[in-house]
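Notes for the one structure printed next.
The values are calculated or read from the model by the stated rules, or taken from the named source; none is laboratory data. The model shown is predicted, which means the values in this text are computed figures rather than measured ones. For the accessible areas, the whole protein counts, side chains as well, though only heavy atoms, and no ligand, DNA or RNA atoms are used. Shrake-Rupley method; radii C 1.70, N 1.55, O 1.52, S 1.80 Å.
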Amino acid sequence: MTSVFDPLRLGAVALDVLTCGHATPDALAARQKARLAKLLDVAVRGSRFYSERLSGLPIDGTQLSALPSVSRSELMERFDDWVTDPQLKLAQLGAFIADPRRIGEAYHGKYLIWESSGTSHEPGIFVQDAQTLAVYDALEALRRSAPRPLQRWFDPMLLTERIAFVGATSGHFASMVSMQRVRQLNPWMAQSLRCFNILQAIPSLVEELNAFAPTVIATYPTVAALLADEACRGSLHFFPKELWTGGETLSPAVRRRVELALRCSVNNSYGASEFMSIGWECGYGKMHANTDWLILEPVDERGRPVPAGQRSYSTLLTNLANHVQPLIRYDLGDQVTVHDDRCACGSSLPVIEVQGRSDDSLVMAGRDGQRVTLLPLALTTVLEDDAGAFDFQLSQRDDHTLVLRLNLHDAQAATTMARCCTALENFATMQGVASISVIAESGQLIPRGRSGKAQRVVARPNPTRD
């Protein structure tokens with residue numbers, strides 16, 4: 001099975017990535033401008049969708065903010081008109097990703113295909129060519145901070161490591177496709193890089209991980225928290241040296257919990273199906289956006305830009321690397337805060353904070369007939385910091401009732417559940433909720449989507465509005 005790879009393009013991009021890591025803000029802006037101009041030209045000439053959408057607009061020299069934003073749903077509805085290669089048809093791609101045996105296989109010999117998990121309630125299909133993958137490869141290889149730099153210096157090809165990806169292994173998701181591609185391009189890693197399915201029973205997963213004893217684990221924060229719980233129970237018989245997280249929001253509480261329980265360093269990154277390597281965490285623990293190859297626009301609920309230091313309602317992404325499937329002012333759905341201050345690590349790339357999009361706000365009945373909104377970040381923080389619970393799902397049954405599921409079976413389950421219920425009740429009262437009842441369900445598996453990601457706070461569907 002062949003994969004998509006262009007070593008010459010990778011070399012050229014890698015040199016540019018190294019140069020830009022500490023380039024001046026003006027130099028970064030110049031690269032953005034040149035790459036945006038090229039992207040707009042390709043999109044207008046090669047994509048029927050963008051040719052229509054941008055018709056009549058002054059593309060040359062225009063401000064990006066003057067262009068219309070787009071959503072995943074409208075792009076997927078016109079997929080065949082969106083892409084710039086007429087060989088790419090949604091129906092055929094749908095059949096391709098329906099076959100798990102073809103995960104990581106080159107489509108038409110020149111494209112890598114992956115699907116989104118649908119956490120935004122609208123699954124997508126994304127196409128990468130060798131040019132796009134060269135950018136992702138260079139960003140991953142050269143900007144991801146190494147927790148053990150001396151080890152990486154002597155072992156840059158990870159020959160002495162056993163790497164475990166813990167996630168969904170049966171779908172064409174970006175992480176799984178990328179892992180398969182790495183194994184195809186580096187046959188010597190066939191035995192040292194393994195994928196473990198998070199959708200299996202937890203005891204089976206733990207048994208498989210114990211047998212492999214990975215030195216590096218790549219997974220989601222919710223899975224990392226689950227493994228930390230297993231380590232505290234004595235179920236894990238190994239301790240990794242590094243843990244790489246991404247795909248979900250990593251809170252400070254979860255990071256501390258994982259680092260202490262698994263006795264390892266945690267390195268977090270920010271990516272999406274739409275752009276594999278949006279951000280990386282430097283040695284100072286700050287997340288930097290790769291703005292030499294993408295543009296992030298934090299916006300409010302009306303699509304207006306928000307100032308630096310303020311969390312956005314959503315974020316618009318422009319992918320400067322992908323000319324096959326142009327993404328221009330694409331509504332990513334994530335809440336991002338961009339900071340103006342220069343990081344102590346020396347990089348000119350902006351520091352960002354990210355709040356992912358997986359959890360819902362809960363609208364409850366408040367005192368005096370008012371509605372009270374409980375924010376998901378606040379709810380998860382309460383359960384993590386005040387109750388010490390990390391692998392859970394909190395769902396809303398009605399205006400006054402929540403259901404809390406904990407994947408706990410040991411003697412501490414009742415005590416942990418009691419702390420959770422007390423913390424939730426106190427928080428809801430403080431927020432002005434009229435009354436709240438928490439239904440406890442211990443010993444329950446946490447529902448996960450096809451991608452293996454857990455949605456920890458779930459609102460009831462179509463709540464009745466008074």
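Expressed as a whole percent, the accessible area of the chain that falls on carbon and sulfur atoms is 52 (1.4 Å probe).
Available extension along the chain between M430 and T160 is 92.0 nm, counting 0.36 nm per residue and deducting the alpha carbon span. Along each principal axis, taking the top coordinate minus the bottom one, the Cα set of the stretch 164-309 gives 51, 35, 28 Å in descending order. When the alpha-carbon atoms of the chain are used, the pair Rg, Dmax equals 22.6, 67 angstrom. Taking one quarter of the surface of the convex hull spanned by the alpha-carbon atoms of the stretch 224-346 gives a direction-averaged projected area of 9.2 nm². Stretched out straight at 0.36 nm per residue, the stretch from R48 to E441 would grow longer than its current Cα-Cα span by 136.3 nm. Cα centroids of the stretch 12-54 and the stretch 370-440: 45 Å apart. Summed over qualifying helices (DSSP H, 4 residues or more, each -39500 (n - 2.57)) and divided by its residue number, the chain shows a 222 nm mean residue ellipticity of -9500 deg cm²/dmol. Contact order for the chain, expressed relative to its length and based on alpha carbon pairs under 8 Å spaced 6+ residues apart, stands at 14 percent.
Taking the DSSP beta bridges with both ends in the chain, the antiparallel portion is around 60 percent. Averaged over its residues, the chain has an accessible area of 44 Å² per residue, based on protein heavy atoms and a 1.4 Å probe. Based on the convex hull around the alpha carbon atoms, the stretch 1-140 presents an average projected area of 10.1 nm².
For Y270, the solvent-accessible surface with a 1.4 Å probe is about 20 Å², rounded to the nearest 10.
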